[in-house]
Amino acid sequence: MNVTYFSDTDTMYLELGTKEPVETKEIADNLYIDFDNEGRIVALTIEHAKGSGVATDFSYQLVGSEGPAESDNKKTA
């Protein structure tokens, strides 16, 4: 997974895989989901991410990897 934040447009883009999106659907105000040719979700786009509180502070937890059993990471946009 790859997360990109575009500060100039206040947009957060979450890539969930390597497949190319072929269709995008708006599922809520400022929230878009990209689908591949098999209908699987491949990306999410959140517009006005900081303005809605999404990109101000986020964290993730990695569980069951070859590295440490648990790893908490915090990022501030």
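Excluding residue 48 itself, calculate the net charge of residues whose Cβ lies under 14 Å from the Cβ of residue 48, where each Lys or Arg counts +1 and each Asp or Glu counts -1. Present the calculation step by step, with values, prior to reporting the outcome.
Values: positive: 50; negative: 8, 10, 26, 29, 47.
Every neighbour counted, the sum reads -4.
Count charges around residue 26 for me, please; just the other residues with Cβ under 15 Å from its Cβ, Lys/Arg as +1, Asp/Glu as -1. Don't skip to the end; give the middle numbers.
Values: positive: 25; negative: 23, 29, 34, 47.
Counting the neighbours of residue 26, the net charge comes to -3.
Rule-based calculations on the coordinates, nothing more; no lab input. Values in this document were obtained by computation on a predicted structure and should not be read as measured data. So basically every Cβ, Gly included, is an ideal-geometry build from the backbone, and we count neighbours across all protein chains shown.
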